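**Q** To start, I am sharing the structure in question, which I have written as structure tokens.
The values are calculated or read from the model by the stated rules, or taken from the named source; none is laboratory data. Because the structure is a prediction, the values reported are computed rather than measured. Because the Cβ atoms are built from the backbone with ideal geometry, glycine has one as well, and the counts that use them run over all protein chains shown.
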Amino acid sequence: MRKSTRLSLFGFVKPRTDGPSASSQPSPITSGQVGHNASASRQNRRHRESMITQQDIYPLQKLTYPQNGVGAFILQCKRLDFHYCDWAGSSRGMNKLLTEPSLPALTSRYPATEFRVSPRPHKHPILKAYYINGNTKAICVRNLEPGEIIKKAELLLQNSGTKNKKIRGRNVVSSNENVRGIWSALHGGIKQV
């Protein structure tokens with residue numbers, strides 16, 4: 001007898017093994033059931049389908065997990081601070097950037113991020129980013145040109161805010177055999193030293 005599973009509103013329904021559908025032999029038809037056999041079998045089938053118990057249903061397996069970027073993307077950088085000095089020569093590029101139209105163009109590309117400009121007297125200019133996870137990252141931009149500072153700002157804006165991790169390389173394991181075979185000092189020509 002062929003068993004199949006069906007998809008219901010609540011999940012997959014296990015095939016029933018008990019009741020009249022479990023027997024492989026059809027029930028004998030008497031003379032009174034000849035005209036009513038089709039409608040009776042439909043009623044029996046409906047009755048059996050309505051008698052699905054909690055044990056017959058198991059939930060669908062979860063295939064995806066919520067991750068940033070799967071359904072909607074949330075930018076991780078919530079605030080970016082531009083700190084500059086009016087007096088120091090290392091802040092020349094930052095002061096030039098603050099007067100150019102490239103900074104408003106950058107802020108219009110990232111509307112979800114708050115941008116702050118504040119003086120930091122007698123110190124080097126820095127960019128400081130604040131992330132959703134609570135971390136902060138700062139980059140010193142002393143003696144950099146405005147275009148280079150914009151690149152550093154975009155680097156901070158597109159960063160996830162997690163700490164930098166050392167990526168350890170793993171050994172490559174292949175299912176294919178090496179063409180030359182495994183090297184051994186015992187094989188090959190013996191060389192006299």
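**Q** Conditions: (1) surrounded by 10 or more Cβ atoms within 10 Å (Cβ to Cβ); (2) within 26 Å of the chain's Cα centre (by Cα); (3) hydrophobic (A, V, I, L, M, F, W, C). Ile150 meets all but one. Number of the miss?
**A** It fails just one condition, (2).
**Q** Limited to segment 159-193, what total is found for residues that are free of Cβ contacts under 8 Å to residues at least 60 places away in the same chain and closer than 28 Å to Gly134 by Cα?
**A** 7
**Q** Going by the conditions given, is Ala138 under 31 Å from the mean Cα position of the chain (by Cα), outside any helix (DSSP H, G or I) and farther than 24 Å from Asn164 by Cβ?
**A** Details: under 31 Å from the mean Cα position of the chain (by Cα): yes; outside any helix (DSSP H, G or I): yes; farther than 24 Å from Asn164 by Cβ: no.
It is false that Ala138 is under 31 Å from the mean Cα position of the chain (by Cα), outside any helix (DSSP H, G or I) and farther than 24 Å from Asn164 by Cβ.
**Q** Is at least one residue of segment 159-168 loosely packed, with under 14 Cβ neighbours inside 10 Å, among the charged types (D, E, K, R), under 25 Å from Arg120 (Cβ atoms) and out of contact with any Lys or Arg (no Cβ under 8 Å at 6 or more places or on another chain)?
**A** Checked segment 159-168: at least one residue is loosely packed, with under 14 Cβ neighbours inside 10 Å, among the charged types (D, E, K, R), under 25 Å from Arg120 (Cβ atoms) and out of contact with any Lys or Arg (no Cβ under 8 Å at 6 or more places or on another chain).
**Q** Please work out which one of (1) within 17 Å of His83 (Cβ to Cβ); (2) touching a residue at least 40 places away in the same chain (Cβ under 8 Å); (3) part of a helix (DSSP H, G or I) is the condition Lys123 fails and give its number.
**A** That leaves (3) as the condition not met.
**Q** Ok, one more. Given the residues Glu100, Glu114, Glu145, which is the only one that is at pLDDT 95 or above and over 24 Å from Gly161 (Cα atoms)?
**A** Glu145
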